[in-house]
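Below are the structure tokens for one structure; questions will follow.
The values are calculated or read from the model by the stated rules, or taken from the named source; none is laboratory data. As the structure is a computational prediction, the values presented were derived from the model and not from experiment. Note that each Cβ is placed from the backbone with ideal geometry, even for glycine, and that neighbours are counted across all protein chains shown. Surface areas here come from the heavy atoms of the whole protein model, side chains and all, with no ligands, DNA or RNA. Shrake-Rupley method; radii C 1.70, N 1.55, O 1.52, S 1.80 Å.
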Amino acid sequence: WPAVEFHDVRFAYRRGKREERTQVLDGVSFSVPTRGLTAVVGPSGAGKTTMFQLIERFYPVDGGLVRLGGRDIEALPLDTVRALVGYVQQDSAAMRGTIRENLTYANPHAGDAAIREAVEMAGLTSVIAQLPRGLDTELGDQGSGLSGGQRQRLCIARTLLQQPAVMLLDEATSNLDSDSERDFREVLRRVSRHCAVIAIAHRISTVIDADQIVVMEAGRVRATGVHQDLMERD
Ligand code: ADP
Ligand code: ADP
């Protein structure tokens, strides 16, 4: 079964008591395989974040069907959905305490082997080894002990500890230098060999590397394909 399927999904936010509605997803269909990188692109307001939130079952759909691993998301226990889907939370204001505490924030019982594996996959092993107290180094205010790119990869490692089947990542708001960009690119490739990665892509490198690109516009999927196909089409 694909990791995620949308079949003709319709969704509108309700506003106020009169249930005035704004159609946000208007018949969206696509399928995400169990491994690989799917890049979602499209202008602001296209419905990308809403699509993520439906994969997390924040809201029920108004029409159509969302499936996780072949099963109707609305028939799955919410705990199962939470275990299957990992959203990479990138709120650096929440970064306090040690690196270990940050990594295990949502998974306090994670063992050392699992932590090491997540850190390795996120390309942070040598970074952490160079810190005075390793995993027990205090991050400082808003994670100031690490560079922007390293903080972003720490957020990925944190989500990896959940061992999700689907990782959701919004690339918004991060300007990386070319070394960090290359590291990030490698991490996404590596992680996508272990689970389905869906990235709201703001980086051209992610779009180029993607195994599938979903182009959204005004609540619809305008095209899907790999970079080469889409270049030829326009
Ligand atoms: P994108 O991530 O592609 O920028 P969004 O999914 O955030 O798009 O938004 C799609 C549309 O839904 C926009 O018109 C936005 O204003 C609207 N929207 C998003 N969140 C809400 C909400 N909580 N309540 C009402 N409308 C919303
Ligand atoms: P900001 O304050 O910069 O908007 P947020 O963390 O509140 O930062 O949200 C950034 C974007 O990510 C918003 O569009 C928000 O809707 C989205 N977002 C936040 N948490 C989740 C989540 N768990 N799943 C999907 N999207 C999310």
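Filter region 185-234 down to the residues that are on the phi > 0 side of the Ramachandran plot and away from ligand 2 (no atom under 16 Å from the Cβ), then identify the one that is most open to solvent (accessible area, probe 1.4 Å).
This residue is 218.
Just to check your reading of the model, which residue among 118, 129 is closer than 17 Å to residue 162 by Cα and of a type in the set (Gly, Ala, Ser)?
118
Tell me whether region 66-81 contains one or more residues that are of a type outside the set (A, V, I, L, M, F, W, C), touching an Asp or Glu at 6+ places or on another chain (Cβ under 8 Å) and within 14 Å of ligand 2 (Cβ to nearest atom).
no
Then there's this: Name the single residue, out of those in region 159-188 being among the acidic types (Asp, Glu) and within 13 Å of the chain's Cα centre (by Cα), that is farthest from ligand 1 (Cβ to nearest atom).
Only one residue tops the list, namely 171.
Now for a different question. Output yes when any residue across region 28-51 is in contact with a Phe, Trp or Tyr (Cβ under 7 Å, 6 or more places away or on another chain) and within 14 Å of ligand 2 (Cβ to nearest atom), and no when none is.
Checked region 28-51: at least one residue is in contact with a Phe, Trp or Tyr (Cβ under 7 Å, 6 or more places away or on another chain) and within 14 Å of ligand 2 (Cβ to nearest atom).
Inspect all residues belonging to region 165-177 and state whether any of them is at pLDDT 95 or above, in a loop (DSSP other than H, G, I, E, B) and open to solvent by 10 Å² or more (accessible area, probe 1.4 Å).
Within region 165-177 (the criterion being at pLDDT 95 or above, in a loop (DSSP other than H, G, I, E, B) and open to solvent by 10 Å² or more (accessible area, probe 1.4 Å)), the answer is yes, since at least one residue qualifies.
Here is a follow-up. Inside region 5-51, can you point out the residues that are at pLDDT 95 or above, more than 23 Å from residue 197 (Cβ to Cβ) and of a type in the set (D, E, K, R)?
8, 10, 26
Being open to solvent by 60 Å² or more (accessible area, probe 1.4 Å) and either farther than 15 Å from residue 102 by Cα or not β-branched (Val, Ile, Thr) (or both) narrows it down to one residue among 158, 182, 153; which is it?
When all the criteria are applied, what remains is 182.
A further question on this structure: Restricting the search to region 186-208, which residues are modelled with pLDDT under 95 and farther than 30 Å from residue 63 by Cα?
Once the filter is applied, which keeps residues that are modelled with pLDDT under 95 and farther than 30 Å from residue 63 by Cα, region 186-208 yields 203, 204, 205, 206, 208.
How do the pairs read when you match residues in region 115-129 that are on the phi > 0 side of the Ramachandran plot with residues anywhere that are of a type outside the set (D, E, K, R) and modelled with pLDDT of 95 or more, using Cβ under 6 Å and keeping only pairs 6 or more apart or on different chains?
Every condition considered, the pairs that remain are 123/187.
So, in region 127-150, exactly how many residues are of a type in the set (Lys, Arg) and open to solvent by less than 60 Å² (accessible area, probe 1.4 Å)?
Of the residues in region 127-150, 0 are of a type in the set (Lys, Arg) and open to solvent by less than 60 Å² (accessible area, probe 1.4 Å).
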